[in-house]
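*Asks:* One structure, as structure tokens, below. Some questions next.
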Amino acid sequence: MTTVCYNMTGPELDREAIAHAAQVIREGGLVAIPTETVYGLGANALNPEAVKRIYEAKGRPSDNPLILHIPGPEWLERYCERVPESAYRLAEEFWPGPLTMILPRKDIVPDRTTGGLDTVGIRCPNHPVTLALIEAADLPIAAPSANTSGRPSCTAADHVLEDMDGKIECILDGGPCSVGVESTIIDLTCEPPRLLRPGGLPLEELERVLGTVEVDAVVTRQMGEGERPRAPGMKYRHYAPHAPVTAVTGAPAASAQYILEHLDAQDGVICYDEFAPLFPNAEVQCIGSLQNKGEQARRVFDALRSFDHTQVTKILAQCPDSTGLGLAIGNRLKKAAGFHVVDVTGENRPNPGFRVIGITGGSGTGKTTALRVLGAMGVAVIDCDQVYHELLLSSSELRAELQAVFGNVFDGDRLNRKQLGEVVYHDPTALERLNTITHKYVISEVKAQVEDAKRAGMAGAAIDAILLLESGLGDLCDVTVGVTAPLEQRICRLMERDHITKSYARSRIDAQQPEQYYKENCTCLLENCGSPKAFAEASETLFQKIMEVKDHE
Ligand code: AMP
Ligand code: MG
């Protein structure tokens with residue numbers, strides 16, 4: 001069979017490709033579908049023959065149930081009995097999104113789809129391509145993850161092709177998955193509701209809506225011999241690359257140290273970006289910065305999968321703590337390890353030398369160089385711009401608050417910056433309201449990340465923000481450093497870096513605070529007025545002094 005791959009990453013929906021894929025679904029064929037979590041392997045959920053082909057293509061045991069994908073809560077009653085009020089509340093808050101609900105099924109859903117269970121898992125995915133496909137086929141699509149059974153899930157169309165080429169009719173390439181781990185599965189057929197699989201929607205979010213949620217034992221440990229899982233699929237080996245994996249939990253500085261001590265030549269390492277320099281001779285896969293669990297979730301499967309293209313003999317992986325998305329990321333790593341887990345420290349050690357340094361300054365002054373120097377000194381770098389972008393993706397509360405004030409400035413769950421920009425750029429009151437909302441969320445997230453870095457045993461945390469002082473983030477810092485540079489130098493740097501004209505660079509700089517502002521309001525100034533090398537050295541000297549002061553206290 002030839003597998004047709006449609007590129008669906010353009011701004012316009014390719015209606016012809018959707019029509020073809022919908023026809024494949026209606027005729028009982030298989031289509032790999034993009035979703036925000038991972039790629040799915042889809043078929044008509046109501047056709048047992050079509051569903052059988054999913055199991056064959058994946059090599060998946062037939063008692064492992066599939067998830068039904070529907071376009072919204074309006075379809076719940078078609079396939080589920082006795083839908084509780086809580087299901088609608090959850091759908092209202094989190095659909096379309098990475099949440100699967102387990103509900104009693106109606107007879108119209110075949111045994112094949114549910115692995116013989118009298119319940120069905122159901123969710124509304126948040127991807128325009130797949131939603132269009134479901135609508136066009138006018139059928140619920142049953143889909144497990146599109147990987148060969150047991151292998152890491154696919155977060156890009158290339159991975160699907162690796163596993164499914166020649167076995168399925170069609171792949172819809174919707175780009176890389178924005179969440180990167182599978183949906184969270186909540187069983188609503190019991191009281192209290194029970195978390196069967198941690199995933200892209202954090203447990204804390206479910207608890208906010210449902211109150212008490214029980215966490216099934218399979219989330220944190222391996223099923224024992226003869227133990228009966230709530231769902232058959234829970235017992236199978238999962239997500240594993242060819243080489244054996246050890247998941248190392250505990251404070252990140254300690255887990256990195258453990259890995260360093262147990263690493264042989266030919267081994268692979270999965271670690272946070274900050275610790276990669278510790279392993280110059282190993283095959284290293286970084287999964288993102290220490291604080292950025294969104295990025296870790298997006299990259300964990302890619303990291304696991306990539307080792308299958310190498311000769312590594314074993315893989316040692318740093319495992320996050322279990323708050324937020326960490327529960328899902330850690331669960332995937334531990335399952336990939338067959339629950340071979342080493343816990344290096346139950347407790348995080350006190351970290352008295354820890355120092356919080358705020359870095360601010362206008363565009364083109366050289367903040368990035370200064371931050372790189374801090375990173376090399378073992379300081380966790382918190383980029384507030386990135387924190388804000390992550391929050392826009394991960395915080396439904398922030399999105400709701402923005403929506404309430406500025407109207408619908410989102411395309412799906414993506415902020416339409418242009419649209420919001422048009423509102424706030426010409427209206428100072430609107431801009432101030434926007435900042436009041438975003439600063440509140442960014443500050444509380446940055447606070448949490450600083451605490452994480454401290455507990456992780458990092459030397460310190462650097463908060464990188466243009467509006468460090470205006471936003472109130474400066475209050476979190478022991479020291480604030482304003483980076484400055486001569487005007488001419490900044491203009492040249494901006495023109496080169498952002499490919500803009502001299503007058504545009506000049507107008508951008510003029511819109512920012514003058515040097516005097518940093519002189520008056522920061523603890524100290526870091527002047528970038530010589531060669532890049534001289535600036536890096538000056539940065540290092542200043543930061544060493546800042547770190548030392550605390551040591552002697
Ligand atoms: P996958 O996303 O590929 O891991 O496959 C779907 C997973 O959803 C299965 O492995 C099950 O863990 C879960 N699932 C689907 N339907 C049910 C159900 N009725 N009860 C419990 N779990 C389910
Ligand atoms: Mg799977």
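The values are calculated or read from the model by the stated rules, or taken from the named source; none is laboratory data. These figures come from a predicted structure and were not determined experimentally. Cβ sites come from the backbone with ideal geometry, for glycine too, and all protein chains shown count toward neighbours. What goes into the accessible areas is simple: the full protein's heavy atoms, side chains included, and nothing from ligands, DNA or RNA. Shrake-Rupley method; radii C 1.70, N 1.55, O 1.52, S 1.80 Å.
*Asks:* In straight Cα distance, which aspartates and glutamates are under 19 Å from Lys502, not counting same-chain residues fewer than 8 positions off?
*Replies:* Straight-distance partners of Lys502: Glu488, Asp510.
*Asks:* Write down the percent of antiparallel bridges among all DSSP beta bridges whose residues are both part of the chain, to the nearest 5.
*Replies:* DSSP beta bridges in the chain are roughly 30 percent antiparallel.
*Asks:* First compute the accessible area of segment 90-149 with a 1.4 Å probe, then give the percent of it belonging to carbon and sulfur atoms.
*Replies:* The value for segment 90-149 is 45 percent carbon and sulfur by accessible area.
*Asks:* Taking amide H positions as placed 1.01 Å from N in the peptide plane, with prolines and chain starts having none, which residues 5 or more places from Ile171, or on another chain, fall under 5 Å of its amide H?
*Replies:* Amide H to amide H, under 5 Å and 5 or more residues apart or across chains, Ile171 pairs with Val4, Cys5, Tyr6, Ala32.
*Asks:* Using the structure shown, select from Lys167/Lys335; Lys334/Lys447; Lys167/Lys314; Lys167/Lys293; Lys335/Lys447; Lys52/Lys167 the pairs with a Cα to Cα distance greater than 23 angstrom.
*Replies:* Lys167/Lys335; Lys334/Lys447; Lys167/Lys314; Lys167/Lys293; Lys335/Lys447, as the Cα separations exceed 23 Å there.
*Asks:* Same structure, new question: Rounded if a/c is under 1.5, else prolate if a/b beats b/c, else oblate: with a ≥ b ≥ c from the C-alpha gyration tensor eigenvalues square-rooted, which is segment 2-156?
*Replies:* Note, shape of segment 2-156 comes out oblate.
*Asks:* For a bin width of 10 Å, list the pair-distance distribution of segment 497-544 built from all Cα-Cα distances, rounded to whole %.
*Replies:* Cα pair-distance distribution for segment 497-544, in percent: 21, 34, 39, 6.
*Asks:* OK, next. Could you give me the radius of gyration and the Dmax of segment 232-277, taking only the C-alpha atoms into account and expressing both in angstrom?
*Replies:* Rg and Dmax of segment 232-277, Cα atoms, are 13.2, 42 Å.
*Asks:* Name the shape class, rounded, prolate or oblate, that the alpha-carbon gyration tensor gives for segment 426-553, where a ≥ b ≥ c are the square roots of its eigenvalues, rounded holds for a/c under 1.5, and otherwise prolate holds if a/b is larger than b/c and oblate otherwise.
*Replies:* The shape class here is oblate.
*Asks:* Any chance you could give the angle, 0 to 90 degrees and rounded to 10, that helix 85-94 forms with the longest Cα principal axis of the chain?
*Replies:* 40
*Asks:* Okay, helix-only estimate at 222 nm for the chain: each DSSP H run of n ≥ 4 adds -39500 (n - 2.57), divide by all residues, round to 500 deg cm²/dmol; what do you get?
*Replies:* Theoretical 222 nm ellipticity from helices: -12000 deg cm²/dmol.
*Asks:* Hey, what's the per residue convex hull volume over the C-alpha atoms of segment 283-346, in cubic angstrom?
*Replies:* With only Cα atoms used, segment 283-346 gives 92 Å³ per residue.
*Asks:* Net charge near Tyr6: determine it from the other residues with C-beta under 10 Å of the C-beta of Tyr6, scoring Lys and Arg +1 and Asp and Glu -1.
*Replies:* -3
*Asks:* With a 1.4 Å probe and every protein chain left in place, work out the accessible area per residue of the chain in Å², rounded to a whole number.
*Replies:* For the chain, the per-residue accessible area is 44 Å².
*Asks:* Same structure again: Less than 18 Å from a label point 7 Å out along the Cα-to-Cβ axis of Glu537: which backbone N atoms in segment 358-396 qualify, by residue?
*Replies:* Taking a point 7 Å out along Cα→Cβ of Glu537, the residues of segment 358-396 whose backbone N falls under 18 Å are 369-370, 373-374.
*Asks:* If the cut-off is a Cα-Cα distance under 16 Å, which lysines reach Lys533, setting aside same-chain residues fewer than 8 apart in sequence?
*Replies:* Candidates past the 8-residue exclusion: Lys367.
*Asks:* Percent of Cα-Cα pairs per 20 Å bin, from 0 to the last occupied bin, for the chain, please list those.
*Replies:* Per 20 Å bin, starting at 0, the Cα pair percentages come out as 20, 50, 28, 3.
*Asks:* Okay, next question. Are there chymotrypsin sites (Phe, Trp or Tyr not before Pro) in segment 376-444 that DSSP marks as loop and that have at most 13 other Cβ atoms within 10 Å, and which are they?
*Replies:* Tyr425
*Asks:* Another question, if that's okay. Under 5 Å between amide H atoms, partner at least 5 residues away or on a different chain: which partners does Val120 have, H built in plane at 1.01 Å?
*Replies:* For Val120, the qualifying residues are Leu103, Arg105.
*Asks:* Right, another one. I'd like the distance between the alpha-carbon centres of segment 1-46 and segment 147-169, rounded to an integer number of Å.
*Replies:* Each part's Cα centre sits 14 Å from the other's.
*Asks:* With only alpha-carbon atoms counted, please give the Rg and Dmax of segment 421-474, in Å.
*Replies:* Both quantities, over Cα of segment 421-474: 14.1, 45 Å.
*Asks:* Over segment 115-226, what per residue volume does the convex hull of the Cα atoms give, in whole Å³?
*Replies:* Looking at segment 115-226, the number lands at 161 Å³ per residue.
*Asks:* I'm a student and want to see the number: the projected area of the Cα convex hull of segment 309-439, averaged over all directions, in nm².
*Replies:* Over every viewing direction, the Cα hull of segment 309-439 projects on average to 13.2 nm².
*Asks:* What is the distance in Å between the Cα centroid of segment 60-108 and that of segment 460-501?
*Replies:* The two parts, judged by their Cα centres, are 48 Å apart.
*Asks:* Relative contact order, percent, of segment 464-530 when contacts are C-alpha pairs under 8 Å separated by at least 6 residues?
*Replies:* Relative contact order here is 48 percent.
*Asks:* Here's something else I'd like to know. If you take the alpha carbon radius of gyration of segment 12-54 and divide it by 2.2 N^0.38 Å, what ratio comes out, to two decimals?
*Replies:* 1.19
*Asks:* Find, among the trypsin sites (Lys or Arg not before Pro) in segment 41-92, those assigned to loop by DSSP (not H, G, I, E, B) with at most 11 other beta-carbon atoms within 10 angstrom.
*Replies:* Of the trypsin sites (Lys or Arg not before Pro), the ones in loops of segment 41-92 whose Cβ has at most 11 other Cβ atoms within 10 Å are Arg82.
*Asks:* Leaving ligands, DNA and RNA out of it, report the carbon-plus-sulfur percent of the accessible area of segment 444-544 at a 1.4 Å probe.
*Replies:* 52
*Asks:* Also: Could you go through segment 295-300 in sequence order and give the Karplus-derived ³J(HN,Hα) for each residue, using 6.51 cos²θ - 1.76 cosθ + 1.60 with θ = phi - 60°, rounded to whole Hz, and x for Gly and Pro?
*Replies:* 5, 4, 5, 5, 9, 5
*Asks:* Report the net charge of residues surrounding Asn521, where surrounding means a beta-carbon distance below 13 angstrom and charges are Lys +1, Arg +1, Asp -1, Glu -1.
*Replies:* -3
*Asks:* Sticking with this structure for a sec: Search the structure for amide H atoms under 5 Å from the amide H of Asp343, placed 1.01 Å from N in the peptide plane, and list their residues when 5 or more places away or on another chain.
*Replies:* Thr249
*Asks:* Expressed in whole Å with the largest first, what are the equivalent ellipsoid semi-axes of segment 208-315 derived from the C-alpha gyration tensor as the square root of 5 times each eigenvalue?
*Replies:* 28, 19, 13
*Asks:* Can you give the direction-averaged projected area of the convex hull of the alpha-carbon atoms in segment 31-105, in nm²?
*Replies:* Convex hull of Cα atoms, orientation-averaged projection: 5.3 nm².
*Asks:* Sticking with this one: Mind listing the Cα extents of segment 382-435 along all three principal axes, in Å, largest one first?
*Replies:* Principal extents (Cα only, largest first): 28, 25, 18 Å.
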